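To keep things clear, I will list the structure first and then write my remarks on it.
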Amino acid sequence: MYGYTGKILHVYLDDGRLEVETPPEEFYRKYAGGTGFGLYYLLKHTPAGIDPLAPENTLTFAISGPTGAPISGQSRLTINAKSPLTGAVGDSQSGGFFPAEMKFAGFDAFVFHGKAPKPVYLWVKEGQAELRDASHLWGKTTDEVEDRLKEELGDRRVHIAQVGPAGEKGVRFAAVITYGNRANGRTGMGAVMGSKNLKAVVVRGSKKNATFADMKGLTQLTKWGVKEFPNSDIYGMGLLGTAEIVNGQNKGGGLPTHNWDSGYFACAYEISGHHMAETILKERDTCYACTVRCKRVVEAENRYKVEPRYGGPEYETLATFGSYCNVDDLEAIAYANKLCNMYGMDTISCGATIAWAMDAFEHGYITKEDTGGICLTFGNAEAMVQMVEQIARKEGFGAILAEGSARAAEKFGEKAQDLVVAVKKQEMPAHMPQVKRSLGLIYAVNPYGADHQSSEHDPSWKWYPERMAMLGLGEAQPTKVLNREKVNFAFTTEKLYMALNAFSVCQFVFGPAWHLYGPDQLAELIKVTTGWDLGIEGIQEVGERVLNMLRAFNAREGFTRDDDSLPKKLYKPLQGGRSEGLHLTPEELEQAKDWYYEMAGWDQNGVPTREKLESLGLLWVAEQL
Ligand code: SF4
């Protein structure tokens with residue numbers, strides 16, 4: 001078998017047992033890797049109805065066949081478990097160098113069962129694995145742990161994925177951090193890792209563990225990407241990072257502002273990638289073998305000290321700590337980003353939860369008595385930063401916000417709950433369904449809560465008709481409608497995005513629109529790395545299988561159509577900017593859900609049918625429902 005190492009490591013934390021599974025090629029073809037592997041083991045080993053922070057929750061780290069190949073956009077790590085934030089399935093991706101090194105270390109996935117009696121870390125080198133004591137690392141921030149482990153292991157080139165103090169303390173949106181600047185941020189996977197007393201996973205290996213089917217074909221594909229990159233629509237992201245889009249989003253009325261009351265932030269330029277490049281940007285960073293180099297590295301020394309080791313804020317981070325909170329202080333946002341990376345927290349949920357608290361504070365539902373005297377008004381950068389620190393340590397009012405906005409709001413009454421902007425209790429990322437209509441449906445139905453990287457966004461259909469045609473999509477529909485064709489666009493691109501997560505590739509590099517490589521080239525990547533000629537259809541089938549497994553997991557947990565809902569704020573007209581007056585309606589969402597469930601082959605409660613699961617080779621999943 002090419003591409004994969006053929007080995008899955010099971011780690012039984014209760015008694016320290018380590019077992020290597022060597023599944024047949026059929027398993028690899030069916031589930032591909034990433035979220036596909038994660039859901040396979042979650043459905044097999046996590047009993048329905050458990051507390052996500054209980055030892056019975058299974059935690060998986062998974063990569064895929066293309067991981068570690070010398071080409072842009074292949075070094076991605078997926079982490080899955082039942083989410084402590086949503087109570088539904090958890091899923092989170094990150095890039096960097098850890099995923100490639102995990103392949104070099106000799107494994108396609110790590111599956112963690114149970115809970116260690118005391119803090120441990122997993123050390124994997126060249127196919128050999130052991131659990132080591134991590135008591136001396138418990139309570140330490142990510143920078144301290146990174147330095148200590150490198151010193152202790154006598155190797156500066158080890159790669160470390162770890163939980164910070166926030167994960168240890170059970171902050172519901174705690175992240176798993178690598179290098180202090182990359183995060184598996186969403187759905188609280190850091191809290192699950194912390195609940196298992198698993199402080200870190202450390203990998204080191206050599207390229208001999210990664211063999212690919214067709215090196216000549218792979219080199220050609222790599223060279224094509226390097227040559228075309230300067231002419232591609234992703235080039236700007238290389239120059240300014242994801243922060244590039246702040247100004248454009250704002251101009252179109254699509255930059256969430258004042259906790260989603262508006263899509264226009266008057267001070268957007270102050271928090272933009274352009275302003276960052278003029279002020280605190282130190283350099284660009286990248287992931288293993290990637291030519292795009294979209295990662296930012298910033299440095300600040302004035303009011304807030306931000307060291308380069310913590311990277312720099314992405315678009316989502318600039319929005320959640322910035323426009324969501326009406327904060328225009330770039331250094332304060334960079335500092336909030338550093339704190340999240342240091343303590344291990346998702347910047348989207350953290351910033352959005354603080355924005356909700358500011359909204360509730362200004363409405364008088366939360367008072368200074370609740371906040372311990374902090375004047376939590378919109379635009380107060382200092383208060384925003386104070387809250388990030390309190391949340392990370394679960395101290396003061398931060399201990400309430402560490403539960404996420406939906407749970408925190410339950411303490412302050414119905415009106416405070418109406419201000420929450422979350423789906424399945426996960427805070428919404430910074431792309432607005434009011435101006436990109438199909439996102440409303442996808443935010444509602446996505447199994448792991450509101451997510452902006454689970455389908456293609458509406459404007460792409462018009463701008464990239466040739467790549468869309470590869471997926472069978474015909475004439476583009478207007479951005480602001482949610483008709484049956486648009487629902488088909490959402491569902492079709494969603495399957496592709498699910499496959500991107502299963503094949504563990506970067507959604508900036510491979511995709512159906514503005515990406516460096518199109519769907520046909522993704523099929524080529526899979527062929528040259530694994531030897532499998534799946535074609536676009538075969539890739540879509542993998543994506544659909546993964547989507548069905550995710551939905552089946554949620555169905556087991558009792559999630560229904562009612563959970564595929566949107567926050568009330570989205571039904572209120574937006575104020576100011578180009579999106580003034582725009583809003584969604586509950587009727588359009590319900591109609592879109594009907595069409596979507598029908599297209600997916602699910603019942604009208606959004607549950608995959610036995611026939612659908614059987615057609616995808618998932619009868620064993622159907623038997624769990
Ligand atoms: S595009 Fe950015 S996030 Fe994606 S692999 Fe390249 S450097 Fe990493």
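Throughout, read-outs are computed from the coordinates displayed, never taken from laboratory work. Since the structure is predicted, the reported quantities are computational estimates derived from the model, not experimental observations. Cβ sites come from the backbone with ideal geometry, for glycine too, and all protein chains shown count toward neighbours.
Descriptive notes on the structure:
- Potential extension, Cys375-Glu19 segment - 0.36 nm per residue separation minus Cα distance: 122.9 nm
- FRET efficiency estimate (nearest 0.05) - Cβ-Cβ, Asp233 to Lys480, R0 25 angstrom: 0.70
- Taking amide H positions as modeled 1.01 Å from N, with prolines and chain starts lacking one, the residues under 5 Å from Val297 and 5 or more places away or on another chain are Lys282, Glu283, Asp285.
- The calculated FRET efficiency for Leu153 paired with Ser206, based on their beta-carbon distance and R0 = 22 Å, is about 0.90.
- Exposure proxy ranking, count of Cβ atoms within 10 Å, fewest first, for Met468, Met102: Met468, Met102
- Less than 5 angstrom separates the built amide H of Gly617 from none of the residues sequence-distant by 5 or more or on a different chain.
- Given Lys118/Lys295; Lys82/Lys495; Lys415/Lys593; Lys169/Lys338; Lys150/Lys216, the pairs whose alpha carbons are separated by over 25 Å: Lys118/Lys295; Lys415/Lys593; Lys150/Lys216
- Backbone geometry of region 183-196 corresponds, through the Karplus equation with coefficients 6.51, -1.76 and 1.60 at θ = phi - 60°, to 3J(HN,Hα) couplings of 9, 7, x, 7, 6, x, 5, x, 5, 5, 4, x, 5, 8 Hz, x marking Gly and Pro.
- Evaluated at q = 0.20 Å⁻¹, the base-10 log of the normalised Debye intensity for region 365-451, with identical point scatterers placed on the Cα atoms, takes the values -1.01.
- Directionally averaged projected area (convex hull, Cα atoms, the chain), nm²: 23.9 nm²
- Ranking Gly95, Phe321, Leu441 by how far each Cα lies toward the positive end of the dipole of the chain (charges on Cβ) leaves Gly95 at the top.
- Amide H to amide H, with H built 1.01 Å from N, Ala213 comes under 5 Å of Gly3, Thr529, Thr530, Gly531, counting only residues 5 or more places away or on other chains.
- Karplus-derived HN-Hα couplings along region 372-379 (A = 6.51, B = -1.76, C = 1.60, θ = phi - 60°), whole Hz, x at Gly and Pro: x, x, 7, 7, 8, 8, 4, x
- With neighbours defined as other Cβ atoms within 10 Å of a residue's Cβ, the residues Ile354, Ile160, Ile50 order from fewest to most as Ile50, Ile160, Ile354.
- Estimated purely from DSSP H runs of n ≥ 4, each contributing -39500 (n - 2.57), the mean residue ellipticity at 222 nm for the chain is -11000 deg cm²/dmol once divided by its residues.
- Residue among Ala134, Thr242, Val158 farthest towards the positive dipole end of the chain, charges placed on Cβ: Val158
- Computed from the Cβ-Cβ distance with R0 of 25 Å, the FRET efficiency linking Val226 to Glu283 stands at 0.80.
- Using C-alpha pairs below 8 Å separated by at least 6 residues, the relative contact order for the chain is 16 percent.
- Greater than 31 Å apart at Cα, pairs in Lys199/Lys305; Lys44/Lys199; Lys199/Lys368: Lys199/Lys368
- Of all aspartates and glutamates in the structure, the ones whose alpha carbon falls short of 16 Å from that of Lys425, not counting any fewer than 8 places away in one chain, are Asp51, Asp91, Asp346, Glu403, Glu410, Glu414, Asp451, Glu557, Asp562, Asp563, Asp564.
- Dipole of the chain [Lys/Arg +1, Asp/Glu -1 at C-beta], most positive-end residue of Ala416, Met193, Trp356: Met193
- In Hz, Karplus ³J(HN,Hα) per residue of region 275-280 (6.51, -1.76, 1.60; θ = phi - 60°; x = Gly, Pro): 5, 4, 4, 7, 10, 9
- Our summary gives region 69-120 a relative contact order of 29 percent, counting only alpha carbon pairs under 8 angstrom and 6 or more residues apart.
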